[in-house]
1. Evaluate the stretch 203-223: report whether one residue or more is of a type outside the set (A, V, I, L, M, F, W, C) and closer than 13 Å to F101 by Cα.
2. I'd like to verify a number: residues in the stretch 231-244 that are over 30 Å from N208 (Cα atoms) and open to solvent by 40 Å² or more (accessible area, probe 1.4 Å), how many?
3. Suppose we keep only residues that are of a type in the set (S, T, Y) and under 12 Å from V195 (Cβ atoms) within the stretch 90-133. Which one would you say is most open to solvent (accessible area, probe 1.4 Å)?
4. When both residues are 6+ apart or on different chains and their Cβ atoms are under 9 Å apart, which pairs have a first residue that lies in the stretch 168-187 and is under 13 Å from A143 (Cα atoms), and a second that is acidic (D, E) and open to solvent by 40 Å² or more (accessible area, probe 1.4 Å)?
5. Would you tally the residues in the stretch 44-54 being within 23 Å of the chain's Cα centre (by Cα) and surrounded by 12 or more Cβ atoms within 10 Å (Cβ to Cβ)?
6. Within the stretch 204-211, can one find any residue that is assigned to a loop (DSSP other than H, G, I, E, B), of a type in the set (D, E) and either under 23 Å from the mean Cα position of the chain (by Cα) or at pLDDT below 85 (or both)?
7. Cβ contacts < 7 Å: first residue within 16 Å of P206 (Cβ to Cβ), restricted to the stretch 231-242; second residue in a helix (DSSP H, G or I) and open to solvent by 20 Å² or more (accessible area, probe 1.4 Å), any location; separation 6+ or different chain. Result?
8. Kindly provide the set of residues from the stretch 55-85 that are open to solvent by less than 100 Å² (accessible area, probe 1.4 Å), among the hydrophobic types (A, V, I, L, M, F, W, C) and without any contact (Cβ under 8 Å) to a residue 60 or more places away in the chain, ordered by number.
Amino acid sequence: MVASHQGLAQRVSDAFWRQPRLLLLVLLLPPLLWLGIVYVGSLFALLVQSFFSIDEFTGLINYEVTLKTYAELLQPANFDIILRTTLMAAAVTVAAAIVAFPIAYYAARYAKGPMKALFYLGVMLPLWSSYLVKVYAWKLILAKEGILNWMVEGIGASAVLNAVLSMPVIGGGSLSVSYIGTFLVFLYVWLPYMVLPVQAALERVPQNLLEASGDLGASPGQTLRHVILPLALPGIIAGSIFTFSLTLGDYIIPQIIGSSRLFIGQAVYAHQGTAGNIPLAAAFAVVPIVIMGFYLWMAKRKGAFDAL
């Protein structure tokens, strides 16, 4: 019996050695089936649901194919949710790129040995803690009785903070119930996903190009604009894929920090849960997929995937 099992194992091993593609297929088949059934299958089911509609009288789903649900997304209340979420995602992405670039540049050009290890630890450490713990911690920090408000009062800048919070749309009773607070927490949580791709892209910028730029009479600012930034652009776009998509689909941060005005993730939850409008929830969920589809297509053309 043992000999027969060994002979079978030997034959299988020989078959895999002669047909390496067969071995690759066997190794990839389980994760591909899992991805196809669980992920792609659920997305397909979601897409199908978005082409149905809710009967206004009975509240039941009408299983006739229609674009009526997508037309509802253009209603002012629903379109405001899409616009609000997209603008927040774009603002967080731009701010993350601005904050991340000098950090990544220092790590790529000046940090050596233990300093570089400390850099990676500092960037990665926030990712090791609980997502909910970080969000609730920021809820306390940004509260009216929180440490940030206490520090502002300590330096005598309460009038400035109150003036900012009194601004329409982005203001509120405190930072924890305003779009400013939502923006700050988004920026903090997703910043590492921007820093690491930018740092990887800057690592690949040849030092001799920077030296050649200086030899040709370029100032540091000109070298930055015409040499470093174009070569680092794929890394910035790669980081923006993470920050933009994660902000676009996030549900927890706007639920805990910010005003009562909904984002896309909250709208999906509300319509599929409280309202029971599965088709409209599905149509809302398709919006980030479509936006990210166009974004990824443009990023691919810019070579962003090379910096991932």
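1. As a first pass, look at the stretch 203-223 and keep what is of a type outside the set (A, V, I, L, M, F, W, C): 203-204, 206-208, 211, 213-215, 217, 219-223.
Filter once more, so that each one left must be closer than 13 Å to F101 by Cα: 203.
Within the stretch 203-223 (the criterion being of a type outside the set (A, V, I, L, M, F, W, C) and closer than 13 Å to F101 by Cα), the answer is yes, since at least one residue qualifies.
2. We begin by selecting, within the stretch 231-244, every residue over 30 Å from N208 (Cα atoms); these are 242-244.
From what is left, the residues that are open to solvent by 40 Å² or more (accessible area, probe 1.4 Å) are 242.
Final tally of qualifying residues: 1.
3. Narrowing the stretch 90-133 to residues of a type in the set (S, T, Y): 93, 105-106, 110, 120, 129-131.
Filter once more, so that each one left must be under 12 Å from V195 (Cβ atoms): 105-106, 120.
Working: Y105: 56, Y106: 116, Y120: 88 Å².
Once the filter is applied, the top-ranked residue is Y106.
4. Every condition considered, the pairs that remain are S174/E145.
5. Total meeting the criteria: 2.
6. The answer is no, given that none of the residues of the stretch 204-211 is assigned to a loop (DSSP other than H, G, I, E, B), of a type in the set (D, E) and either under 23 Å from the mean Cα position of the chain (by Cα) or at pLDDT below 85 (or both).
7. P234/D306; G235/A200
8. The answer is A71, A77, F79, L83.
The values are calculated or read from the model by the stated rules, or taken from the named source; none is laboratory data. What you see is a predicted model; the values in this text were computed from it and never measured. Because the Cβ atoms are built from the backbone with ideal geometry, glycine has one as well, and the counts that use them run over all protein chains shown. Each accessible area value is taken on the protein alone, full model and side chains, heavy atoms only, with ligands, DNA and RNA left out. Shrake-Rupley method; radii C 1.70, N 1.55, O 1.52, S 1.80 Å.
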